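The values are calculated or read from the model by the stated rules, or taken from the named source; none is laboratory data. What you see is a predicted model; the values in this text were computed from it and never measured. Ideal geometry is used to build each Cβ from the backbone, glycine not excepted, and the neighbour counts take in all protein chains shown. To get the accessible areas, we keep the full protein, side chains included, count just its heavy atoms, and leave off ligands, DNA and RNA. Shrake-Rupley method; radii C 1.70, N 1.55, O 1.52, S 1.80 Å.
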Amino acid sequence: MAERGGGHTEAEIASQPDRWRRAAATAADLAPVLPRPGERAAVIGCGTSWFVAQAYAALREAAGQGETDAFAASEFPAGRRYDRLLALSRSGTTTEVLDVLARVRGTTPTVAITADPATPVMNAADEIVVLDYADERSVVQTRYATTQLVLLRAHLGEDVSPVIADAERAVAEPLPAAAVAADQFTFLGRGWTIGLAHEAALKMREAAGAWTESYPAMEYRHGPIAVTGPGRVAWMFGEPPAGLADQVAQVGGTMVTTSRDPLADLVRAQRLAVEIARARGDDPDRPRNLTRSVILDVR
Ligand SMILES: O=P(O)(O)OC[C@H]1O[C@](O)(CO)[C@@H](O)[C@@H]1O
C-alpha cells in the first residue's frame with residue numbers, strides 16, 4: 001500500500017507532550033536570559049513565530065510581568081525603546097528577524113529562541129536559547145512553536161502539567177466530525193488565545209491550502225460571521241463569549257469548543273490540518289509555496 005504523505009508532520013504533532021515536558025523542566029534555568037519581571041519587553045517573529053509572540057505578550061502582561069508588545073518583525077517600530085527584545089525564529093535565518101536584531105544591537109538587550117545552533121541568529125542576539133530537541137523535519141511548524149510557548153508559560157510561573165495532560169488527550173482523541181467535513185474554518189480567540197487562533201488558521205492554510213480566517217472572538221460578530229453557514233465551522237480557543245455559540249447555530253454553522261487548555265486545542269487544529277490536506281490529496285510534509293524560512297535577497 002502506498003504510504004500516506006504527512007508522516008513527519010504527524011509524528012511531530014504526536015510528540016508534543018514529550019517535548020513540552022522537556023521544555024517545562026528547563027524553564028527555571030532560563031530565567032536570567034528571558035524578559036525579567038517589570039521589564040518593558042518587545043517580542044518579534046514572522047509567521048508562526050509572530051503568533052507565538054502574540055500569545056506570549058498577552059500572557060506576560062496578564063501575569064503582571066510588564067508591558068509586552070508583539071510585532072511582525074517587518075513592522076517593528078523604529079522609535080520605540082524597550083528594556084529587552086525577544087526574537088523568535090525556529091530557523092534562525094529569517095531576514096526580517098535578523099534585520100531587527102542588527103538594528104537594535106548596542107541599544108537594547110536582545111535574546112533569541114531558536115531550534116538551530118548553526119545559524120546567523122546565534123551571533124545576531126546577545127543571548128540565545130536553543131530548543132534543538134524540538135526542531136522539526138516538517139516545513140510547517142507544529143511542535144517547535146508550541147514547545148516554545150510551553151517554555152515561556154512555565155517561565156511566567158505557570159504550572160504546565162495540566163496543559164501537558166490535556167495535550168496527551170488531544171493527540172489521541174477523534175477530531176470533531178463537523179470540522180473534518182467542513183469547507184471553511186474561522187478560528188477565534190480572546191486575550192492570549194488570539195495568537196493561537198491566527199496560528200491555527202495559518203496551519204490550515206500552509207498544510208492544507210484551506211480557506212481559513214481568524215479574529216478576536218468579539219470581532220467575529222462585526223462582519224466575519226457573514227461567511228459562516230452550513231458546512232462551515234467557527235472554532236473557539238478557550239471559553240466563547242456569551243451568546244456566540246447560539247449565533248453560530250442560528251446561521252447554520254458549527255461551533256467547536258473544548259474545556260481543555262487552548263494550547264492543547266491547537267494540537268487538534270494541527271491534526272485537522274493534516275487530515276484535510278490528505279483528504280484533498282496534498283502532502284502536509286511538502287506544502288505548496290512554502291519554505292522552512294524566508295531569506296530575502298531584495299528588501
Ligand atoms: O520561525 P522562523 O524560522 O523565523 O520562520 C517563520 C516561518 O515559519 C513559517 O511558519 C513556516 O514554517 C512561516 O510562516 C515563516 O516563514
- Binned at 5 Å from zero, the C-alpha pair distances of the chain give percents of 1, 6, 12, 16, 19, 17, 13, 9, 5, 2, 0, 0
- Message: Given R₀ = 25 Å, what would the calculated FRET efficiency be for ALA31 paired with ASP132, taking r from the Cβ atoms and rounding to 0.05?
- Response: 0.80
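For the peptides 196-204, 239-247, what is the packing order when you average, over each peptide's residues, the other Cβ atoms within 10 Å and list the highest mean first?
Per-residue Cβ counts within 10 Å, averaged per peptide and sorted highest first, yield 196-204, 239-247.
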- Per the rule of 0.36 nm per residue minus the C-alpha distance, extending ARG4 to ALA249 adds in nm 84.7 nm
- Task: Whole Å is fine, so just give me how far the alpha carbon centre of the stretch 30-51 lies from that of the stretch 185-245.
- Result: 25 Å
- Query: How far apart, in nm, are the 7 Å Cα→Cβ label points at ALA178 and LEU290?
  - Reply: 2.6 nm
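Loop only by DSSP, 10 or fewer other Cβ within 10 Å of the Cβ. Give me the chymotrypsin sites (Phe, Trp or Tyr not before Pro) in the stretch 167-200 that pass, ordered by residue number.
Sparse-neighbourhood loop chymotrypsin sites (Phe, Trp or Tyr not before Pro): none present.
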- Query: Quick one: with all protein chains in place, what share of the accessible area of the chain is carbon or sulfur, to the nearest percent (1.4 Å probe)?
  - Reply: 51 percent
- Note on the structure: The simple spin-label model distance between ARG103 and ALA226, using points 7 Å out along Cα→Cβ, in nm, is 3.5 nm
- Query: With point charges of +1 on the Cβ of Lys and Arg and -1 on the Cβ of Asp and Glu, referenced to the Cα centre of the chain, which listed residue (TRP235, PRO117, THR95) lies farthest in the positive direction of the dipole?
  - Reply: THR95
- To the nearest 500 deg cm²/dmol, what mean residue ellipticity at 222 nm is calculated for the chain from DSSP H runs of n ≥ 4 alone, each contributing -39,500 (n - 2.57), summed and divided by the residues? -11500 deg cm²/dmol
- Message: Could you check the spin-label model distance between ASN123 and GLU61? Points 7 Å from the Cα along Cα→Cβ, value in nm.
- Response: 3.7 nm
- Query: Taking Cα pairs under 8 Å and at least six residues apart, what relative contact order does the chain come out at, in percent?
  - Reply: 21 percent
